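J.: Dumping the structure here so I can ask a few things about it.
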């Protein structure tokens, strides 16, 4: 008797949960629950809505639960932090990637330039040299072009910076940091005007 | 002279007795299709790291996977539930599993979502450790079933060897990585020991790959000598493909590919059992297509509801997107593993036994495919 009761309770709760989830998704996103990979889109929505800290909290939960994707999660944190100009979080994510032995020599050099940029505000000469040298070696890497663009942007050399962001986008039109950089250039121009 | 005349041809014995057609059985149930797709996935993955494709985002590179996951994975996890409730007599023979277990699962899932860092992480580790065991058990069940259907009666010793051979990918995964298997169960300090690290590296790089691909060949030769007839090649293929998924790819790729193709394999076999079950009923008035469409359609809808809608209910209740999605998926997986342990049993009165026994050469079987 009690088994039959638990069966109907289980069925009711499950079906009600699915129906409520379906309706909530439609109401919130104006679409059916999407066939996307796990939780990334949900976190991106938080970032887009300006809930940067909440997105980072969710990534922390993901690091506990989704340990097989830890490298990918730290890479996402690094990307989102860069887009939001949160260099501390960006560097922390890369620090974890170094601990996980998940980055190559190129990324380490890129990082050191970011670190340098952050550590010595106003002194960009060495960072720029490093970034230009990297670009000579790897002209088609969007990350390298973008890095150089950011260093130039920080020195207010907007036309030069724009050129490298555009080159990064020519290689990969979806490269988020390059779009972010271009937006930064436009913002700086608007301020000058 | 007579002896030579009585001996059946080797070709058909090697091919084995298929359920549908050799091509269907070898590609979908044997895992042949996964070998083709794995090669297609592996090749671009290897070249992408040096080319422009390496710059694509995760979503862009794997944009095709979610649809495949719905059609294969989600439907397959749901199909064990559909099979549980559509198989004759299950409410009487498995009262707790059919009636009490769903509520228990919901309560455990909710509790884990409430405490994601402690309980949730344990649930996830349990699911990730159990998964390769489940796939190994399925490979063993299928290998024995095809052997039995094809009239190759395995001795107890050969069955044991087959069992251990099929479990090798599971052991391989157990020594493999953070949060899974030994790395989950044993203290971090033990596993961080450089000697243990070296041993694990040696086991993963040399010992397990050699055993995973070598032992099935030895088993094949041993059975041929001992039983005087070969194990059907599909039994060998099932074992090798399961090993290949885990040895060739990294953890994440292995879990993704293994679950997709395990799902394809599972859906094919569960549909065969369901259709034969239904068509054996005296009151049946429908053809194969109807039963396939009914069963797969229901599994697909339930899969979509469980994996894609239910997590939103937890989000509605205020929980985060990460714990809602990951832990609901982990709980569904575990429910499936447990249900599978019961619905594939080949008891003498069980309808499964009648299906396996149909159009086969006499022999004996004791195992289950799921």
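Values quoted throughout were computed directly from the atomic coordinates according to the rules given, and no laboratory measurement underlies them. In this text the structure is predicted, and so the values were computed from the model without any measurement. Every residue, glycine among them, receives a Cβ derived from its backbone with ideal geometry; neighbour counts consider all protein chains shown.
J.: Reported to two decimal places, what Rg/Rh ratio describes the stretch B:128-281 when computed on Cα atoms with Rh from the Kirkwood expression?
T.: That ratio equals 1.03.
J.: Arrange B:27, A:15 by Cβ neighbour counts within 10 Å, fewest through most, would you?
T.: The most exposed by this proxy come first: A:15, B:27.
J.: Within a 10 angstrom radius of each residue's Cβ in B:101-109, how many Cβ atoms of other chains show up on average? Whole number is fine.
T.: Average per residue, whole number: 4.
J.: Any chance you could check the Cα centroid distance between the stretch A:38-68 and the stretch A:135-193 for me, in angstrom?
T.: Result: 26 Å between the Cα centres.
J.: Residue by residue through A:135-146, how many Cβ atoms from other chains fall within 10 Å of the Cβ on average?
T.: So the per-residue partner count for this stretch is 1.
J.: Divide by every residue of chain B the summed helix terms, -39500 (n - 2.57) for each DSSP H run of at least 4, and state the resulting mean residue ellipticity at 222 nm, rounded to the nearest 500 deg cm²/dmol.
T.: -21500 deg cm²/dmol
J.: Between B:113, B:218, B:29, where does the largest GNM mean-square fluctuation fall for chain B, given springs only between Cα atoms within less than 10 Å?
T.: Of B:113, B:218, B:29, the Gaussian network model singles out B:218 as fluctuating most.
J.: Find the percent of Cα-Cα distances in chain B that exceed 32 Å, and round it to a whole number.
T.: Value for chain B: 37 percent of Cα pairs lie more than 32 Å apart.
J.: Still on this model: List B:105, A:146, B:309, B:152 from most exposed to least, where exposure is judged by having the fewest other Cβ atoms within 10 Å.
T.: With the fewest neighbours first, B:105, A:146, B:309, B:152 line up as B:105, B:309, B:152, A:146.
J.: Give me the log10 of I(q) over I(0) for the protein assembly as shown at q = 0.05, 0.06, 0.12 Å⁻¹, as the Debye formula computes it from C-alpha points; what are the numbers?
T.: Taken in order of the listed q values, log10 I(q)/I(0) reads -0.26, -0.37, -1.22.
J.: Hey, another quick one. If each of residue B:39 and residue B:199 carries a label point 7 Å out from its Cα toward its Cβ, how far apart are those two points in nm?
T.: 3.9
J.: What shape does the stretch A:35-103 have by the C-alpha gyration tensor, where a ≥ b ≥ c are the square roots of the eigenvalues, rounded means a/c under 1.5, and otherwise prolate means a/b greater than b/c and oblate the rest?
T.: Oblate, since a/c reaches 1.5 and b/c is not below a/b.
J.: While we're on this one: Output the peptides A:51-59, B:183-191, B:287-295 sorted from most to least packed, where packing is the average of other Cβ atoms within 10 Å over each peptide's residues.
T.: Highest mean packing first, the order is A:51-59, B:287-295, B:183-191.
J.: Something else: Considering every residue in A:170-177, what mean count of other chain Cβ atoms within 10 Å of its Cβ is obtained?
T.: Other-chain Cβ atoms within 10 Å of each residue's Cβ, averaged: 2.
J.: Can you run the Rg to Rh ratio on the stretch B:192-341? Use alpha carbon positions and the Kirkwood inverse-distance Rh.
T.: Using only Cα positions, Rg/Rh for the stretch B:192-341 is 1.09.
J.: While we're looking at this one, here's another question. Measure off 7 Å from each Cα along the Cα-to-Cβ vector at residue A:192 and residue A:3, then give the distance between these two points in nanometres to one decimal.
T.: With each label point 7 Å from Cα toward Cβ, the separation is 7.9 nm.
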